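Peer 1: The structure that follows is given in the form of structure tokens.
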Amino acid sequence: VTFSVTAAGLGPFSYQWLKNGTSINGATQTAFTIDNLQAGDASVYGVVVSNAYGSVTNSASLNLVAGPPNDAFVNALMLTADSQIVTGSNVHTTKEPGEPNHGGNPGGSSVWWTWTATADGLATLDTTGSSFGTLLAVYTGNAVSNLTLVANDDGYGGSRTYVGSQVAFTAV
């Protein structure tokens, strides 16, 4: 995440970024970036902008809200039974770099599950009971950027009047 500030008036200006009111060592530019956000980065950040006539302090809060554990492909949750009902959420989820456009849809976000068939046969997955329009896709592969599509659906049969999705495919 990057915070930035633009100063107007008589320069030159100096900048000092703050975390919870304490100066951040070396953070003296017009922008301050936090790479690889961690829970401890949630704080009140500020910047003191100064010139020969005085200084002004502005601040903003950074709140981090965790998404579900299976937001990332590498953290896919394992389905362990041949017949199983799972409950999940895609609130506060992301779309990963290299992630396919599920069902040709470039937007949105995703959650991931993994399943290995215990026998050959027809497998059916659905999002029955969802309170919003869903898109369901099934892939094979070991990396989010190198998946092979098996099946997908954006509402039963493409229907925009039903909020659930369903896919059926031959599992091996």
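The values are calculated or read from the model by the stated rules, or taken from the named source; none is laboratory data. Since we're looking at a predicted model, the values are computed, not measured. Positions of Cβ are backbone-derived with ideal geometry, glycine not excepted, and every protein chain shown enters the neighbour counts. To get the accessible areas, we keep the full protein, side chains included, count just its heavy atoms, and leave off ligands, DNA and RNA. Shrake-Rupley method; radii C 1.70, N 1.55, O 1.52, S 1.80 Å.
Peer 1: For the chain, which whole percent of the accessible surface, found with a 1.4 angstrom probe, sits on carbon and sulfur atoms?
Peer 2: C and S atoms contribute 52 percent here.
Peer 1: Just to confirm, what accessible area per residue do you get for the chain at 1.4 Å probe, in whole Å²?
Peer 2: Per residue, the chain has 64 Å² of solvent-accessible surface.
Peer 1: I would also like to ask the following. Could you work out the relative contact order of the chain? I mean the mean sequence separation of Cα pairs under 8 Å and 6+ apart, divided by the number of residues, in percent.
Peer 2: 15
Peer 1: Between Thr87 and Ala60, what FRET efficiency comes out of the Förster formula 1/(1 + (r/R0)^6) with R0 = 45 Å and r the beta carbon distance, rounded to 0.05?
Peer 2: 0.80
Peer 1: Right, next: Please work out which option in (i) 48, 16, 14; (ii) 26, 22, 15; (iii) 20, 18, 15 gives semi-axes √(5λ) of the Cα gyration tensor in Å calculated from these coordinates, and answer with its label.
Peer 2: Only one option fits the structure, namely (i).
Peer 1: Could you tell me the center-to-center distance, by alpha carbons, between the range 98-131 and the range 1-22 in angstrom?
Peer 2: 45
Peer 1: With each pseudo-label sitting 7 Å past Cα toward Cβ, what's the Thr28-Thr6 distance in nm, one decimal?
Peer 2: Output for this residue pair reads 2.5 nm.
Peer 1: Can you give me the distance in nm between label points at Thr118 and Asn146, each placed 7 Å from the Cα along the Cα-to-Cβ direction?
Peer 2: So the label points at Thr118 and Asn146 sit 3.1 nm apart.
Peer 1: Shifting gears a bit: Got a sec? What order do Tyr45, Tyr53 fall in by accessible area at 1.4 Å, biggest, i.e. largest, first?
Peer 2: Tyr53, Tyr45
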